[in-house]
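Student: Next up is a structure, given as structure tokens.
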Amino acid sequence: MKPGDAAPTIAFEMNTCIQALPPRDLFETMNGADFVLIDDVLYEANYLRVPDEFTVADDVVLEARHGPTEIDMTRADFDGAVGVGEGVFRLKSGSLVRFLAAAVIH
């Protein structure tokens, strides 16, 4: 992707799409995300806290749901994440994570 190119989109449902947030710092990509893709599973972000200087390692920064499956992730889960391109980050656990925002199509 070149600077100025539109971010890729993934169709979600009628009149709605999920737009990949531009690749930046991991915590910046969390801001405004409605969904998180973890190891090719799309979760709806129910709670999302962008870490700041007051966030400690055991603070929950993400609560998400995929069907009946619910996950919680702490700041420590995201510490040490490495960008692998196109807004995807590899966590120290080995999981691949990408934050996505919903956009309404008119």
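The values are calculated or read from the model by the stated rules, or taken from the named source; none is laboratory data. Small disclaimer: the values here were computed from a predicted structure and weren't measured. The accessibility values were calculated without ligands, DNA or RNA, using every heavy atom of the protein model including side chains. Shrake-Rupley method; radii C 1.70, N 1.55, O 1.52, S 1.80 Å.
Student: Can you list residues whose amide H is under 5 Å from LEU62's amide H, if they're 5+ apart or on another chain and H is modeled 1.01 Å from N?
Tutor: ARG49, MET73
Student: On to the next question. Rank PHE89, PHE54 by accessible area, highest first, at a 1.4 Å probe radius?
Tutor: I get PHE54, PHE89, largest accessible area first.
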